[in-house]
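Let me begin by presenting the structure, written as structure tokens, before commenting on it.
The values are calculated or read from the model by the stated rules, or taken from the named source; none is laboratory data. All figures in this text were calculated on a predicted structure; none of them were measured in a lab. Here the Cβ is made from the backbone with ideal geometry for all residues, glycine too, and neighbour counts use every protein chain on show. Keep in mind that these areas ignore ligands, DNA and RNA; they rest on the heavy atoms of the full protein, side chains included. Shrake-Rupley method; radii C 1.70, N 1.55, O 1.52, S 1.80 Å.
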Amino acid sequence: MGREVLADLLADKRYTKVHSVGRRQLAGSIATHRKLAQHVVDFKDLSTLAALPAVDEVFIALGTTIKVAGSQEAFRAVDYEAVVAAARAARAQGATKLGVVSAMGADPRSSIFYNRVKGEMEVALAGLGFQSVVIARPSMLAGDREALNQPTRAGEGIALVISRVFKPLIPKDYRSITARDVAAGLVQGVQSTLSGVIHLLSGALQGAADRG
């Protein structure tokens, strides 16, 4: 998701400088883009985020799974603590608009740990003083995780096949969606939102890349 957001920002003439924040240096042709400045940080030491440069907008697509993280505590350290710390650092550096990728079902009162953490993260971000906060809540992502060196999830392939076969019968908010559409919809949402907290479900994000 982060790669798609980054590609959209670099291609957009409205942005003269784009700062990427990650655990490692980017590779490939995108790494040498004239507008890109890379910042490698240690998300286990969130104080490293304090050195980020001044920005106008911030986009966060940081996340993991409980399986990959290894525990609920480790998952929360990434999907709540690191996300909120990155947003807080950007706000301190002048950012007035925030776009973040969350998840369908995010709810701070949910009995499901994953959804509850996502919901608590959304509430925390809304309280940081941004002029606008745009939150993308995509449904199941369609794409090749192995090509991105990401772990596949049990049953995900079957679910995607079912989703494609029965697509006309599935409400738009529950249909599988590409990372490209989510990224494009998030960027468009941040650019068009003047103030407040906006939630973008998959139905609103579908086809965003073609509208850009």
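A few remarks follow.
- Taking all protein chains into account, the per residue accessible area for region 1-148 stands at 53 Å² (1.4 Å probe).
- Carbon/sulfur fraction of accessible area - the chain, other protein chains in place, 1.4 Å, %: 54 percent
- Per-residue 3J(HN,Hα) values for region 177-184, derived from phi via the Karplus relation 6.51 cos²θ - 1.76 cosθ + 1.60 with θ = phi - 60°, read 9, 7, 4, 4, 5, 5, 5, 5 Hz in sequence order (x marks Gly and Pro).
- Long-range amide H partners of Ser139 with built H, under 5 Å: Ser202
- Selection from Met140, Gly127, Thr64, by position along the positive dipole direction of the chain (Cβ): Met140
- Theoretical ellipticity at 222 nm over the chain - DSSP helices of four or more residues, -39500 (n - 2.57) apiece, nearest 500: -9500 deg cm²/dmol
- Filter on Lys35/Lys67; Lys13/Lys118; Lys17/Lys67; Lys97/Lys118; Lys13/Lys67 - keep pairs with C-alpha separation over 27 Å: Lys35/Lys67; Lys13/Lys118; Lys17/Lys67; Lys13/Lys67
- Length gained when the stretch Asp45-Leu194 is fully extended (0.36 nm per residue, less Cα-Cα span): 50.3 nm
- Per-residue 3J(HN,Hα) values for region 199-208, derived from phi via the Karplus relation 6.51 cos²θ - 1.76 cosθ + 1.60 with θ = phi - 60°, read 9, 10, 7, 4, x, 6, 8, 4, x, 4 Hz in sequence order (x marks Gly and Pro).
- Only Lys, Arg (+1) and Asp, Glu (-1) charged, at Cβ; region 12-95 dipole about Cα centre in debye: 320 debye
- Dipole check for region 1-145: with +1 at the C-beta of Lys and Arg, -1 at the C-beta of Asp and Glu, and the Cα centre as origin, the magnitude is about 240 Debye.
- Accessible area per residue (1.4 Å probe, heavy atoms of protein chains only) ranks Tyr174, Tyr114, Tyr15 as Tyr174, Tyr114, Tyr15, with the largest value leading.
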